[in-house]
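These notes concern the structure reproduced below.
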Amino acid sequence: MRRGSRVLGLWLTTAFRATPGLTVLMGAAVMANAAFGPLATLGIKWVVDAMTGGGDPTAGVVLLVASLTVTLLARSLTTPLGDTLAERIFLYVERDLLRLTTAIPSLAHHEDRELADRISLLEQQRRRLGAIWQLLGAVSAVTSVVTVVVLLASVHPLLVLLLPLAAVVAVVDARGKQAQRTLINSHEHLRRLGTATLDTLADPGPGLEVRCFGLAPTLLRVASATMMLRYWRYRRATLRWAGRTALAWLVFLLGYAVGVVWVVSRLLAGTSSVGDLVLVVLIAPQVAATAGLLISSSRVIAEVWDTFERYFWLREYAADHSWDESRTAPPERLSRGIELRGVGFDYPSTTTNGSAEGSRHRALHGVDLVLPAGSTVALVGDNGAGKSTLVKLLARLYDPTSGQVLVDGTPLTELDPRLWRARTSAGFQDFARWELTAGHAVGVGDLPHLDDRSRVSAASTAGQAQDLITSLPQTFDTQLGAGYEDGVGLSGGQWQRLALSRAFMRTRPLLMLLDEPTAALDPEAEHAIYEQYASAAARVAAETGGITVLVSHRFSTVRLADLIVVVGEGRVLEQGTHAELLAAGGRYAELFELQAHAYR
Ligand SMILES: Nc1ncnc2c1ncn2[C@@H]1O[C@H](COP(=O)(O)OP(=O)(O)OP(=O)(O)O)[C@@H](O)[C@H]1O
């Protein structure tokens, strides 16, 4: 109940926050239309009664003209006002949704299936959030109901029974729609799967593999089977809904016919006037219209309510997951380093058997590890060992499920995530391809210095992108991306050089994370990059006690690290320097020997 009133409050205040003046004007127009519409029928009754009874028709004429004037004016306003209002609210909400999702510092909401479904539904239905006038429509339906009840009761109270019949139609209709909505919501994962499969076909990225492996017909079959499964269930629910509503309408029309026949018999018996009969006959479309209004507004309201509930949920989720309680600023420089103490982690979406009931899959188990200040630490291990997961926990893209990460003794969960990330530099294997100017594609690595040309140039040199940028037609000012008129398309390795340069934009990081950032580079470029890393790491270590964490499968690079950590199945298997680990003859020695053998 309390939640319901808060959702309603959000609905009302959203329109007011977006555009108060328009909202009030729209409310007045809708209400005037609802109240004055049925009064015109009363005016006609008064005129007919005056004419047949020899009275003065002036009052009836005045009521009729006044009602028609107000309703026509109000009606001519509601559509343009409603459209403008909806557009304004939509723009407001669109910005708010992006603000909310981008303000959540963790990645969990993208990866937990239930959360991702909710957000995806909200994004699809966000236009509904502009439908304030549907709420006003409901208020106006109630106003119409009151007016129609008063008019019918003025002829005979029994005639008011026509309205409950109309209400039955509304209820049957709303329940049918509710069943359809529940079905849509519970099948969102099928829609997402189908759309993602189709997107894969349309996307030029995977296009190469799709063609080489002849995957298109199979992917199309999978996508359409997924979509069709959802469609058949949707169709069955819709047909059932339509059939039940038609039946309810038949019952209403039967009741209405009985009512009219009854008033005719009262007229013949002299207990009702001709005006009464005219009123009952004319009010029929209004009872039907009121019922229709009730139906459509209850239906739309239920839909909009659903969407507002999701909007409300997202606002609460964003507020609960904003990590606002983490307010401590990171230290200016690291003196001890970063310690992982009993760190365990489960990804939000994963279960061992793929079902919601299955136990969660552990990516890390009780990791104890010290990354000394000023050191370069290499993480090695098999695919899926947990290296990238460790890197993500260090960047605080997630919080550990158990244990904690300590930065110079302070839990990372207490550090302000924005300030911590501002002191973190990162280069990832899955880098972004920013289709900006070349200078900005590097500069976004440190937004406050986006246009600092000397900083951007130095970062480009360190990231081995300087030659690439000078070869571009307008060097740093060249638009990237073949889709633009003067845009330049780049190769995978060239994009990666820009991504690497971004990692060098921040000059005083406490933590530099390099998660296989050179996979697309030729060996010469990779060698040069690691020399740059080594000198950047040495400078950072001297200036801030910063730590460089490097994930790599190439032992020629790994062996240079101060500390090598071998990760396997989510645990630290062994750690030490290259020489120590070789002497120990464990997993590292085995992997090193394998790679050295392959190169011999
Ligand atoms: N986003 C995710 N959602 C669910 N599970 C994930 C996700 N990312 C990784 N995992 C799982 O967590 C485990 C550790 O993965 P991680 O990416 O840390 O391995 P890695 O050592 O970096 O592997 P690689 O060398 O292949 O990059 C794997 O079993 C993987 O399936």
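Whole Å is fine, so just give me how far the alpha carbon centre of region 477-493 lies from that of region 417-456.
When both Cα centres are located, 18 Å separates them.
Starting from the Kirkwood Rh over alpha-carbon pairs, what translational D in µm² s⁻¹ does region 2-320 have by Stokes-Einstein at 10 °C and 1.306 mPa s?
After rounding, the answer is 69 µm²/s.
Tell me what the chain gives for mean residue ellipticity at 222 nm when only DSSP H runs of n ≥ 4 count, each as -39,500 (n - 2.57), the sum divided by the residue total, rounded to 500 deg cm²/dmol.
Helices in the chain give a 222 nm mean residue ellipticity of -21500 deg cm²/dmol.
Taking each pair of different alpha-carbon atoms in region 424-507 once, compute 1/r for the pair, average those values, and report the inverse of that mean as the Kirkwood hydrodynamic radius in Å to one decimal.
Evaluated over region 424-507, this radius sits at 12.2 Å.
Regarding region 225-321, what are the three Cα extents along the principal axes, ordered largest first, in Å?
The Cα atoms of region 225-321 stretch 72, 38, 13 Å along the principal axes, largest first.
Select from the chain the helices, each a whole stretch of DSSP H, whose alpha-carbon atoms run 27 Å or more along the helix axis and whose Kyte-Doolittle mean is at least 0.5; answer none if there are none.
Going by DSSP H runs, the hits are 20-53, 58-103, 132-155, 162-186, 216-268, 274-320.
Go ahead and run the numbers for FRET between LEU594 and ALA28, Cβ-Cβ distance against an R0 of 56 Å, rounding to 0.05.
Between LEU594 and ALA28 the formula returns 0.10.
Full extension from VAL142 to MET51: what is 0.36 nm times the residue separation minus their Cα-Cα distance, to one decimal in nm?
29.5 nm
Using the Cα atoms of the chain to build a convex hull, what is its mean projected area in square nanometres?
36.0
FYI, it's all coordinate maths here, none of it is from the lab. What you are looking at is a predicted structure, and each value in this text was computed from that prediction instead of being measured. As a convention, Cβ positions derive from the backbone with ideal geometry for all residues, glycine included, and neighbour counts pool all protein chains shown.
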